[in-house]
Each structure stands twice: as structure tokens, then as C-alpha cells.
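Chemist: Okay, here's the structure, questions in a sec.
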Amino acid sequence: MNIIRLNQTSPDFYMLMGPVFGSRQVEKDTKDRFYDDPGKQWYLIPGKGAASVKDGVLRNFWTREEKDAQTLIEAMLQDYPALTGVAPLCYRDAFYRAGFLTVLYRKNFVEVSRYEAD
């Protein structure tokens, strides 16, 4: 599956990411809002999932299906092997299966961390 990597200055950024930013379903699924903050690297599977990382820290994560969660996590790890951050609680198992430590952060979120192997 092809992952589209983009940032706020990428051509067609808002055409591609607009459906995610404006989706009530994404907000309902994640209990979070997605914003187009400068400096975020976005990972997109159109219509299926999106995630963002800023300075090596996971900032947003959403997918419709478990297999797409794994695909997004793998893509982020290619660019950020020591990825950490906060993810919606509903994706805890996907991050755990990908080798992350997960710790409850707030009612609807978990801290995720993974460190490069020495």
C-alpha cells in the first residue's frame, strides 16, 4: 500500500488532507482534532488513515482498519526509529504489536515509545 508523505508546503496538501481535517468521523474515532501545524510530517493512506509526526513525536493518528494502522506505523518508523508520542487509546494494541511500550496517558490516550536497537 502506498503511503503519501507530505507536509504543509507540499503541493495539493489541503486537497489531500482536507477530508481528514474536516472529518467528524476522525474526531469521533480518535477523540482528537487534527490541525495543520507547521513542521508536521504527515503520512496518508487516502480514505483509510493519517498520522503526523513533529520533531520525532507522534502528534496525530487515525485509521479505519488495523492493517492500515500497521502500515502507517511502519512508515513512521522508517523515518523516526525512536518514535515516541501520544496516540488514541483505541490504537493501543496496534502500537503494542509494533513493539511499542504503551502507558495510559489520559482517559482516551496512551503514551507510546520505542527506542532504536543498539
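The values are calculated or read from the model by the stated rules, or taken from the named source; none is laboratory data. All values derive from a computational prediction rather than experimental measurement. Here the Cβ is made from the backbone with ideal geometry for all residues, glycine too, and neighbour counts use every protein chain on show. Accessible surface areas use protein heavy atoms only, side chains included; no ligands, DNA or RNA. Shrake-Rupley method; radii C 1.70, N 1.55, O 1.52, S 1.80 Å.
Chemist: Any idea which residue in the range 1-23 is surrounded by the most Cβ atoms within 10 Å (Cβ to Cβ), counting only those that are of a type outside the set (Val, Ile, Thr) and under 21 Å from ASP55 (Cβ atoms)?
Modeler: Among those that are of a type outside the set (Val, Ile, Thr) and under 21 Å from ASP55 (Cβ atoms), it is MET17.
Chemist: Might you check whether a residue that is touching a helix residue (DSSP H, G or I) at 6+ places or on another chain (Cβ under 8 Å) and more than 16 Å from LEU44 (Cβ to Cβ) occurs anywhere in the range 68-80?
Modeler: No, the range 68-80 contains no residue that is touching a helix residue (DSSP H, G or I) at 6+ places or on another chain (Cβ under 8 Å) and more than 16 Å from LEU44 (Cβ to Cβ).
Chemist: Quick check on ASP36: is it acidic (Asp, Glu) and touching a residue at least 24 places away in the same chain (Cβ under 8 Å)?
Modeler: Taking the combined requirement at face value, the residue satisfies it.
Chemist: Sticking with this structure for a sec: Please determine, by comparing only the residues of the range 99-118 that are of a type in the set (A, V, I, L, M) and crowded, with 19+ Cβ neighbours inside 10 Å, which one is nearest to TYR43 (Cα to Cα). Steps first, answer last, please.
Modeler: Looking only at the range 99-118, we keep the residues that are of a type in the set (A, V, I, L, M), and these are 101, 103-104, 110, 112, 117.
The next check asks that each one be crowded, with 19+ Cβ neighbours inside 10 Å; those that pass are 110, 112.
On the way: VAL110: 20, VAL112: 17 Å.
Among those that are of a type in the set (A, V, I, L, M) and crowded, with 19+ Cβ neighbours inside 10 Å, it is VAL112.
Chemist: Criterion first (assigned to a loop (DSSP other than H, G, I, E, B), out of contact with any strand residue (DSSP E or B) (no Cβ under 7 Å at 6 or more places or on another chain), on the phi < 0 side of the Ramachandran plot and without any contact (Cβ under 8 Å) to a residue 40 or more places away in the chain) does ALA82 satisfy it?
Modeler: Numbers: assigned to a loop (DSSP other than H, G, I, E, B): yes; out of contact with any strand residue (DSSP E or B) (no Cβ under 7 Å at 6 or more places or on another chain): yes; on the phi < 0 side of the Ramachandran plot: yes; without any contact (Cβ under 8 Å) to a residue 40 or more places away in the chain: yes.
For ALA82, the condition - assigned to a loop (DSSP other than H, G, I, E, B), out of contact with any strand residue (DSSP E or B) (no Cβ under 7 Å at 6 or more places or on another chain), on the phi < 0 side of the Ramachandran plot and without any contact (Cβ under 8 Å) to a residue 40 or more places away in the chain - is met.
Chemist: With the condition kept exactly as written, say whether any residue in the range 3-17 is among the aliphatic types (A, V, I, L, M) and touching a Pro at 6+ places or on another chain (Cβ under 9 Å).
Modeler: The initial filter retains those residues of the range 3-17 that are among the aliphatic types (A, V, I, L, M), namely 3-4, 6, 15-17.
Among the residues that remain, those that are also touching a Pro at 6+ places or on another chain (Cβ under 9 Å) are: 4, 16.
Taking every residue of the range 3-17 in turn, at least one turns out to be among the aliphatic types (A, V, I, L, M) and touching a Pro at 6+ places or on another chain (Cβ under 9 Å).
Chemist: Can you name the residue in the range 58-78 that is under 13 Å from ARG114 (Cβ atoms) and touching a residue at least 12 places away in the same chain (Cβ under 8 Å) and, of all such residues, is surrounded by the fewest Cβ atoms within 10 Å (Cβ to Cβ)?
Modeler: Top of the filtered list is GLU74.
Chemist: Cβ contacts < 8 Å: first residue within 18 Å of GLU66 (Cα to Cα), restricted to the range 94-107; second residue open to solvent by 100 Å² or more (accessible area, probe 1.4 Å) and hydroxyl-bearing (Ser, Thr, Tyr), any location; separation 6+ or different chain. Result?
Modeler: Going by the 8 Å Cβ cut-off, the qualifying pairs are THR102/TYR96.
Chemist: Please report, ordered by residue number, the strands (runs of 3 or more DSSP E) entirely within the range 1-66 with at least 3 residues that are on the phi > 0 side of the Ramachandran plot and modelled with pLDDT of 95 or more.
Modeler: On the way: elements: 4-6, 41-45, 49-54, 57-63.
Result: empty, no element qualifies.
This table checks each residue for (1) more than 14 Å from TYR14 (Cα to Cα); (2) open to solvent by 50 Å² or more (accessible area, probe 1.4 Å); (3) of a type in the set (Gly, Ala, Ser); (4) free of Cβ contacts under 8 Å to residues at least 24 places away in the same chain.
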site: GLN25; (1), (2), (3), (4): yes, yes, no, yes
site: LYS31; (1), (2), (3), (4): yes, yes, no, no
site: TYR43; (1), (2), (3), (4): no, no, no, no
site: GLY56; (1), (2), (3), (4): yes, no, yes, no
